[in-house]
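Student: I have a structure here, written as structure tokens, and I will follow up with some questions on it.
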Amino acid sequence: MIKVKDAFFVKSASKMEETTPEGMSEVAFIGRSNVGKSSIINALTNKKGLAKSSSTPGKTRLINFFQIVLAKDEKTYHMQLVDLPGFGYARVSHSLKEEWQKNLTTYIQKRVSIRTFVHLIDSRHPFLEIDQAVHTYLQEIVRADQHILRIFTKLDKLKQSEISVIKKNYPCALLVSSSSKKGIDKALEAIFETLFGDQE
Ligand SMILES: Nc1nc2c(ncn2[C@@H]2O[C@H](COP(=O)(O)OP(=O)(O)OP(=O)(O)O)[C@@H](O)[C@H]2O)c(=O)[nH]1
Ligand SMILES: [Mg+2]
């Protein structure tokens, strides 16, 4: 059983030069705008309002770093969760969008501390082209010391038959609901395993 002992905001960065120093193992949350990136960080840490979520897409506009202290079997572990701006958000100017995209891509590709990419997919739309493209992109850039986890969000919105379709097509997929907390413990365990599995 993993316990979250502490979770706090560290800083926001608009570009690579403003990020926290490299070192602590990092988990980057990637996905379309409104998929629930900020919400899952709050659910995983059990701290409402830690990451700012909103029903209006495009809420997260910076690279936000949160430090988490975990405890398992009387051992303590540290990690950073990174809330990123979503892609596919249209209501900003073209130049601003390009600027975001560039800073985001630089962070994703150059940041040494990233151990795990969590690719969040809205479980109501499990087969979008954009998500297939993101998955392919991550597979292309992933280093030997990194992992990719696919997590389907908003599970509470699904019928059992729709859940079965996802499980059939993505046998390794994790399904979560940040509102009901279903699947959250399992997701935390999966993230923990990718980061610290070899240190236990
Ligand atoms: N029903 C339900 N709603 C959710 C869930 N997770 C997030 N939401 C809602 O979806 C909306 C978007 O959530 P956010 O966490 O802000 O999404 P985001 O991916 O951070 O969005 P951006 O910052 O715009 O990229 C909010 O209204 C949340 O309350 C969930 O598991 N179930
Ligand atoms: Mg957000």
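Student: Kindly indicate the residue of the stretch 7-37 that is small (Gly, Ala, Ser) and surrounded by fewer than 23 Cβ atoms within 10 Å (Cβ to Cβ) and also nearest to Phe196 (Cα to Cα) among those meeting that condition.
Tutor: Ser25
Student: Just name the residue that is farthest from Phe65 (Cα to Cα) out of those in the stretch 1-50 that are in contact with a Phe, Trp or Tyr (Cβ under 7 Å, 6 or more places away or on another chain), part of a loop (DSSP other than H, G, I, E, B) and within 15 Å of ligand 1 (Cβ to nearest atom).
Tutor: Taking the candidates together, the pick is Ser33.
Listed here are the residues, each with its yes/no results for (1) modelled with pLDDT of 95 or more; (2) in a loop (DSSP other than H, G, I, E, B); (3) in contact with a Pro (Cβ under 6 Å, 6 or more places away or on another chain).
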site	(1), (2), (3)
Leu149	yes, no, no
Phe152	yes, no, no
Ser161	yes, no, no
Lys167	yes, no, no
Pro171	no, yes, no
Ser177	yes, yes, no
Phe192	yes, no, no
Leu195	yes, no, no
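Student: Quickly run through the stretch 161-186 and pick out the residues that are farther than 19 Å from Asn34 by Cβ, touching a residue at least 24 places away in the same chain (Cβ under 8 Å) and surrounded by fewer than 13 Cβ atoms within 10 Å (Cβ to Cβ).
Tutor: The answer is Asn169, and nothing else.
Student: May I ask you to say which residue of Ala13, Ala71, Ala51 is within 16 Å of ligand 2 (Cβ to nearest atom) and under 24 Å from Lys182 (Cα atoms)?
Tutor: Ala51
Student: Oh, and also: Suppose we keep only residues that are buried (at least 16 other Cβ atoms within 10 Å of the Cβ) and polar (S, T, N, Q) within the stretch 51-73. Which one would you say is farthest from ligand 1 (Cβ to nearest atom)?
Tutor: Checking each candidate, the answer is Gln67.
The values are calculated or read from the model by the stated rules, or taken from the named source; none is laboratory data. Just so it is clear, the structure is predicted and the values come from calculations on it, not from any experiment. Methodologically, a virtual Cβ is constructed for each residue, glycine included, from the backbone with ideal geometry; neighbour enumeration extends over all protein chains shown.
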